[in-house]
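Take a look at the structure below.
Only the coordinates and a few stated rules stand behind these numbers; no lab work does. Here the structure is a predicted model, which means the values were calculated and not measured. Note: ideal-geometry Cβ built from the backbone for every residue, glycine included; neighbour counts use all protein chains shown.
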Amino acid sequence: MITYQTEGTRMPDIKKRILTSWIKDVAAEYGKKVGEIAYIFCNDEKILEVNREYLQHDYYTDIITFDYTEKDRIGGDIFISLDTVKSNAEKFEQAYERELHRVIIHGILHLCGISDKEPGEREIMEAAEEKALKQLSKTKV
């Protein structure tokens, strides 16, 4: 089950049913089933607090994914700072909605086992994000 909640911000204008179906389809492409996934949309202050408390990182970020995956069933808590998503959309000259969808699926791709920390991995992650975004664009979002 996928839940969408907020902390310190308003719920973004998303079509939960369509996103949930898309997320399940993307996970299935990696041989995964969707378990318990909670999206927590928040502001920069909250994501900085989470980053400091749980990861000992003292900086803002767009997404933090806590992975509770067991075998082929993905699960986790995914914190997304809508403030940073908005500023990144402007910085990279992308539509806010597209950047939000990219970040939403970025967390799922991490849960599916794709990393972006080591050299060469970022390109793999970006290609996976683009492939997933193309799938979503074929549906009515």
Notebook entry, point to check: Which length gain, in nm to one decimal place, applies between Arg10 and Asp116 when the Cα-Cα distance is subtracted from 0.36 nm times their residue separation?
Noted result: 35.3 nm
Notebook entry, point to check: So what is the relative contact order for the chain, in percent, with contacts set as C-alpha pairs under 8 Å and at least six apart?
Noted result: 23 percent
Margin query: In the chain, once you exclude exposed chymotrypsin sites (Phe, Trp or Tyr not before Pro) (DSSP loop, at most 12 other Cβ within 10 angstrom), what's the longest stretch remaining?
Written below: 1-58
Item checked: Where trypsin sites (Lys or Arg not before Pro) in DSSP loops with at most 13 other Cβ within 10 Å are excluded, longest remaining stretch of the chain -> 16-70
Item checked: Two-decimal Rg/Rh across segment 2-137, once Rg and the Kirkwood Rh are taken from alpha-carbon atoms -> 0.93
Notebook entry, point to check: Among Gly120, Gly76, Gly31, whose mean-square fluctuation peaks in a Gaussian network model of the chain (Cα, cutoff 10 Å)?
Noted result: Gly120
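What FRET efficiency would be calculated for the residue pair Glu93, Ile18, taking the C-beta separation as r and a Förster radius of 30 Å, to the nearest 0.05?
0.75
Taking a threshold of 25 Å on the Cα-Cα distance, which of the pairs Lys46/Lys71; Lys46/Lys131; Lys16/Lys117; Lys91/Lys131; Lys15/Lys131 fall above it?
Beyond 25 Å between Cα atoms: Lys46/Lys71; Lys46/Lys131; Lys16/Lys117.
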Next item on the list: Would you compute, from DSSP H runs of 4+ residues alone, the mean residue ellipticity of the chain at 222 nm, taking -39500 (n - 2.57) per run and dividing by the full residue count, rounded to the nearest 500?
Entry: -15500 deg cm²/dmol
